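J.: This is the structure I have questions about; it appears just below.
All of the numbers you see were taken from the coordinates with simple rules; none came from a lab. Every value quoted in this text rests on a predicted model; they were computed, and no experiment measured them. Here the Cβ positions follow ideal geometry from the backbone for every residue, glycine too, while neighbour counts run over all protein chains shown.
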Amino acid sequence: MNILFNMSCGHAEEREVADPSKYLKIDREYYAKQGLCSACWAKLRAEHKQQSHVKQN
């Protein structure tokens, strides 16, 4: 089941919840506290990769 979550980055994104009766509250708290949407996660990875590349040179 897909649920729309508010992420810590301020964006909202749908994520799959395997068993909502068991995991919905846990997932909601996690995403609100430290979850990133796909776009912000991709940006963070790209920045990290670029910084790692600069340090190696």
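J.: If you place +1 on the Cβ of every Lys and Arg and -1 on the Cβ of every Asp and Glu, how big does the dipole about the Cα centre of the chain come out, in debye to the nearest 20?
T.: Working: 9 positive and 7 negative charges, 56 e Å.
That gives a dipole near 260 debye.
J.: Another question, if that's okay. Looking at the chain from every direction and averaging, what is the projected area of its Cα convex hull in nm²?
T.: Details: hull surface 17.7 nm².
Computing the convex hull of the Cα atoms and averaging its projections yields 4.4 nm².
J.: Also, quick follow-up: Mind checking the full-extension length gain between H48 and R15? Use 0.36 nm per residue of separation minus the Cα-Cα distance, one decimal, nm.
T.: Working: separation 33, 0.36 × 33 = 11.88 nm, distance 2.40 nm.
Gain on extension, H48 to R15, equals 9.5 nm.
J.: Let me ask you something else. Nearest 10 degrees, 0 to 90: what angle lies between the long axis of helix 20-34 and the longest principal axis of the chain (Cα atoms)?
T.: For helix 20-34, the angle is close to 30 degrees.
J.: Which order do I26, I3 fall in if you start with the one that has the fewest other Cβ atoms within 10 Å? It would help to have the intermediate numbers written out before the result.
T.: Working: I26 10, I3 15.
Least to most surrounded, the residues fall as I26, I3.
J.: Also, I was wondering about something else. Per the chain: cysteines with no other Cys C-beta under 4.7 angstrom?
T.: C37
J.: Tell me the angle of helix 38-56 to the major Cα principal axis of the chain, expressed in degrees between 0 and 90 and rounded to the nearest ten.
T.: For helix 38-56, the angle is close to 30 degrees.
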